[in-house]
Amino acid sequence: MLPAPYRLSLRLTAALLGLCALVASAQEAPRARARDLGVAPGIFAPGHYNAITDVAGVRVGQVTLAEGDSVRTGVTAILPHPGNAYRSRVPAAVHVGNGFGKFVGSTQVNELGELETPILLTCTLCVWKAADAMAEWMLAQPDMQQVRSLNVVVGETNDGGLNDIRARPITAGAVRNALESAKSGPVQEGSVGAGTGTVAFGWKGGIGTSSRKLPDSLGGWTVGVLVQANFGGVLQVEGAPVGRALDRYAFQNAVAMQDNTRGLADDRGDGSVIIVIATDAPLSDRNLKRLASRGMMGLGRTGSSASNGSGDYVLAFSTAESVRRAFDATRLQTTELANEPMSAVFQASVDAVEEAVYNALFMATTTSGNGKTVEAIPLDKVRDVLRAHGIAPAS
């Protein structure tokens, strides 16, 4: 046993550390999802979790890497169903809003109209390491011994501000952990997984998700969205000019009348976003391509203009059994949704994308790394702007 003076010293140290933690906690403003602020885009109700995992069978796994003073990145994995994604493939399509990005595997998705692996999101210089790790993981799965070709799908955004991106810190172990820890239910948002080091609209960005459940009269389908938000623009929340009101928006320096009005947002609105849309509506890859293109409409509502330096990609897939494709099928027999009912699915996806971006921003926390600090958007000030524009906060 330690002498009494040492025990007293340890107790005092622990008490001081606890006090510091309480002070820090008190100073950290609590984060909230969009609906907690009274922000509920669109007309359709969300699913139970208001997340991409409301689409039955979809699972999400995330690994956050925050190491030392410089590593702030991670991996987010989206699995389309509980089975082997290679042997039981889902129809899919990719829409390119602006192609300044490295979306591994996207050309084959559009050529063949299907996914044969889960979807990974990570940092720009880590996409190839993540792709290699997922290929190794997939090839080690049961009944994959004869596979000689594999189209892994990995999206990215550049988190090089907060993260030492040149260190390429993603490991095979991190990828495996993200894939193997994937689960249904609530999805963690904000500065986690592939959103650990991202920035959006000049504030801390991150991972966001949302969903919509169509009424039975419109098919009862569920649409779920997950975004990796790392882009710029002039933020608006349900039309309220939040970016301008908070004095932080793209091109601010160019339009400022006086030097002392200069803001902190990226002057060009550059950055990137990956949007993943899942649905249980039985859609062909042709209609999934149409659905993916609507993701940019939801993005535009938030204030993005898909700048020159932004990699903006939308991937949509359907989990419906009736459109699932066996890896060795020689003929496909499917029952898919016709064109006319797509309008409601389009509406649901646009609304869910918009809300997912808000959730990414509102749930993100102030983050320091790589010699830089990016603040979380101040929710108290956001509430003030929303009230001024008639968007009442939730009671």
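The values are calculated or read from the model by the stated rules, or taken from the named source; none is laboratory data. Remember, it's a predicted structure, so these values are computed and weren't measured experimentally. Note: ideal-geometry Cβ built from the backbone for every residue, glycine included; neighbour counts use all protein chains shown. These area figures cover heavy atoms from the full protein model, side chains too; ligands, DNA and RNA do not enter into them. Shrake-Rupley method; radii C 1.70, N 1.55, O 1.52, S 1.80 Å.
If Lys and Arg each add +1 and Asp and Glu each add -1, what is the summed charge of the other residues whose beta carbon sits under 15 Å from the beta carbon of Asp280? Provide the component values of the computation, followed by the final result.
Details: positive: Arg59, Arg212, Lys213, Arg324; negative: Asp54, Asp216, Glu321, Glu336.
That works out to 0.
Taking the chain as a Gaussian network, Cα atoms linked when under 10 Å apart, which of Ala326, Ala140, Ala131 shows the biggest mean-square fluctuation? Answer for the Gaussian network model of the chain: Ala140.
Stokes-Einstein diffusion for the chain, with the hydrodynamic radius set to the Kirkwood value over Cα pairs and evaluated at 10 °C in a medium of 1.306 mPa s, equals 74 µm²/s. Solvent exposure of the chain amounts to 43 Å² per residue of accessible area, where only protein heavy atoms count and the probe is 1.4 Å. Taking all protein chains together and rolling a 1.4 Å probe, Lys183 ends up with roughly 130 Å² accessible. Using a probe of 1.4 Å on the protein chains alone, the accessible area found for Asp143 is around 100 Å².
Of all the options Pro241, Pro30, Pro118, the one that moves most in a Gaussian network model of the chain with Cα springs shorter than 10 angstrom is Pro30. Across the chain, C-alpha contacts under 8 Å between residues 6 or more apart give a mean separation that, scaled by the residue count, equals a relative contact order of 24 percent.
Here the dipole of the chain is about 360 debye; that uses its Cα centre as origin and unit charges on the Cβ of Lys and Arg (positive) and Asp and Glu (negative). Please give the residues of segment 211-236, grouped as numeric ranges, whose backbone N is less than 19 Å from a label point set 7 Å along the Cα-to-Cβ vector of Ala56. Correct set: 211-225.
If you run the Gaussian network model on the chain, springs between alpha carbon atoms under 10 Å, then out of Gly74, Gly269, Gly42 the most flexible one is Gly42. Against the criterion of solvent-accessible heavy-atom surface with a 1.4 angstrom probe, Ser293, Ser272 sort, most first, into Ser293, Ser272. The candidates Arg301, Arg286, arranged from most to least accessible area with a 1.4 Å probe in the full protein assembly, appear as Arg286, Arg301. Remark: for residue pairs Lys213/Lys289; Lys183/Lys289; Lys102/Lys213, the C-alpha separation exceeds 28 Å in Lys102/Lys213. Taking every alpha-carbon pair under 8 Å whose residues sit at least 6 apart, segment 220-340 reaches a relative contact order of 30 percent. Other residues whose C-beta falls under 11 angstrom from the C-beta of Val75 contribute a net charge of +1, scoring Lys and Arg +1 and Asp and Glu -1. Put the Cα centre of segment 206-250 next to the Cα centre of segment 300-365 and the gap is 13 Å. The alpha carbon gyration tensor of segment 345-392 gives principal lengths a ≥ b ≥ c with a/c of 1.5 or higher and a/b no greater than b/c, which makes the shape oblate. Of the residues Thr365, Thr373, Thr222, ranked by 1.4 Å probe accessible area with the largest first, the sequence reads Thr373, Thr365, Thr222.
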